[in-house]
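Since the structure comes first, as C-alpha cells, the remarks are kept for the end.
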Amino acid sequence: MKKVLTIAGSDCSGGAGIQADIKTITAHKMYAMSVITSLTAQNTTGVYGIADTAPEFVGQQLDCIFTDIVPDAVKIGMVSNSAIIRVIAEKLRQYDAKNVVVDPVMISTSGSRLLSEDACDALVSQLFPAASLITPNIPEAEVLSGLDISDKSAMLQAAEKIAFSQQCGVLIKGGHLPGDACDLLFYHGETFWYDTDRITNPNTHGTGCTLSSAIACGLASGKDLADSIRSAKEYLTGALKAGLDLGKGSGPLDHTYCLSSACE
Ligand SMILES: Nc1ncnc2c1ncn2[C@@H]1O[C@H](COP(=O)(O)OP(=O)(O)OP(=O)(O)O)[C@@H](O)[C@H]1O
Ligand SMILES: Cc1ncc(COP(=O)(O)O)c(N)n1
C-alpha cells in the first residue's frame, strides 16, 4: 500500500485541511498520515479561531513519521508561521522527502489569513526548494508573481515568472477566474493546460486541499506530474459534481462519491 503524508491545519468541520486530505488519500485507497501544524475553529461560514502547534512539536511529529512509516509522497497545506516552516523544511531535508506537493495556503475562501504576513518569504525561500510542485490559486499566484491575473495569458506570465526562480513545477489553479475551471502547469519550460467545465455548485470549500492531496496520491503511485494532475482534476470534478450540500455557507465536497464506483 502506498503511504501519503499531509502536513496541514485541522478544519474541525471536515471540509478543508487535514480532514479533506485524509478523505482524499483514503478514497485513493492509500494509507494517510498527518502532521497537524495548527488547529482551526471553522465551519462553512468562516474561520473563528486558530491555535498553532508549537514548532518543536511539529518537528517531533515529523520525526515519528519519517523514522517509522516513510511516506511515498507528502502534501503540505496551511503552515501558519515562519518557525513552523523552518522546522518542516529542516526535517524534509534531513529525511530526503520525495514527491512533495506544496499548496501555498495564504487566505481561506472565507477571507481569514492562514499564513502570517511575515511568513511568505520563508514559504518561498525554505519550502519551495523542497517541492516537486507548488499549487497557488489566483490570489496566491498574484502575491508570488507581483502581477495582476485576470485571464489565461496573465496566468501564463505569472507561472513563468514564479517558475523562473524555482526548480519545481508551478500549477496555477484557475478556480477564481470566471469561465471554465482552467489550471495551468508550467514545468521545465513546458506548459500544460487542464480545462474542465465549471460545475454549478457553490459548495467549493476544500477544493484546493483536495486537488493537492490527490496530486500527491498520483505521484505516490508512480505517475508523472502531468498525469497526476490530470487524474487529480478528475477526482476533484467528481467530488464537486456529486452535489453534497451541507452547512450554511460554502460547503464541503463529497469524497464518498467514488466508493460505489470504480475510482482509481
Ligand atoms: N466550480 C468549479 N467547477 C469545477 N472545478 C472547479 C470549480 N471551482 C474550482 N475548481 C477547480 O478546483 C481546483 C481548486 O481551485 P481553486 O482555484 O478554487 O483553488 P483554491 O482557492 O486553492 O481552493 P480552495 O477553495 O480550497 O481554497 C482547481 O482545479 C479548479 O480548477
Ligand atoms: C485548515 C485549513 N486549510 C486550508 C484551508 C483553505 O481552504 P478554503 O480556501 O476552501 O477555505 C482552510 N480553510 N483551512
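The values are calculated or read from the model by the stated rules, or taken from the named source; none is laboratory data. Owing to the predicted nature of the structure, the values given are computational and were not obtained by experimental measurement. Counting neighbours? That spans all protein chains shown, and the Cβs are built from the backbone with ideal geometry, glycine included.
Among the listed residues Ala89, Ala20, Ala97, identify the single one that is closer than 25 Å to Ala141 by Cβ and within 13 Å of ligand 2 (Cβ to nearest atom).
Only one candidate passes the filter, namely Ala20.
Looking at the range 137-149, can you tell me whether even one residue there is crowded, with 20+ Cβ neighbours inside 10 Å, under 15 Å from the mean Cα position of the chain (by Cα) and either away from ligand 1 (no atom under 13 Å from the Cβ) or among the aliphatic types (A, V, I, L, M) (or both)?
Checked against the condition, which is being crowded, with 20+ Cβ neighbours inside 10 Å, under 15 Å from the mean Cα position of the chain (by Cα) and either away from ligand 1 (no atom under 13 Å from the Cβ) or among the aliphatic types (A, V, I, L, M) (or both), the range 137-149 yields at least one hit.
Out of Leu244, Leu259, report the one residue that is farther than 20 Å from Asn137 by Cβ, in contact with an Asp or Glu (Cβ under 6 Å, 6 or more places away or on another chain), of a type outside the set (Gly, Ala, Ser) and in a loop (DSSP other than H, G, I, E, B).
Working: Leu259 fails: in contact with an Asp or Glu (Cβ under 6 Å, 6 or more places away or on another chain).
Result: Leu244 is the single residue among Leu244, Leu259 that is farther than 20 Å from Asn137 by Cβ, in contact with an Asp or Glu (Cβ under 6 Å, 6 or more places away or on another chain), of a type outside the set (Gly, Ala, Ser) and in a loop (DSSP other than H, G, I, E, B).
Suppose the filter is out of contact with any Pro (no Cβ under 8 Å at 6 or more places or on another chain) and touching a residue at least 60 places away in the same chain (Cβ under 8 Å); does Ala214 pass it?
Answer is yes for this residue.
Take Cys120 and decide whether it is assigned to a helix (DSSP H, G or I) and within 16 Å of ligand 1 (Cβ to nearest atom).
Here the answer is yes, as Cys120 does meet what is asked.
Give Tyr235, Tyr257, Tyr194 a once-over and let me know the one that is modelled with pLDDT of 95 or more, over 22 Å from Ala163 (Cβ atoms) and either within 14 Å of ligand 2 (Cβ to nearest atom) or surrounded by 18 or more Cβ atoms within 10 Å (Cβ to Cβ) (or both).
Values: Tyr257 fails: modelled with pLDDT of 95 or more; Tyr194 fails: over 22 Å from Ala163 (Cβ atoms).
Just one listed residue meets the conditions, Tyr235.
If Glu56 meets every condition in (1) over 24 Å from Ala119 (Cα atoms); (2) surrounded by fewer than 19 Cβ atoms within 10 Å (Cβ to Cβ); (3) of a type outside the set (Val, Ile, Thr) apart from one, which number is that one?
Here Glu56 meets the rest and fails (1).
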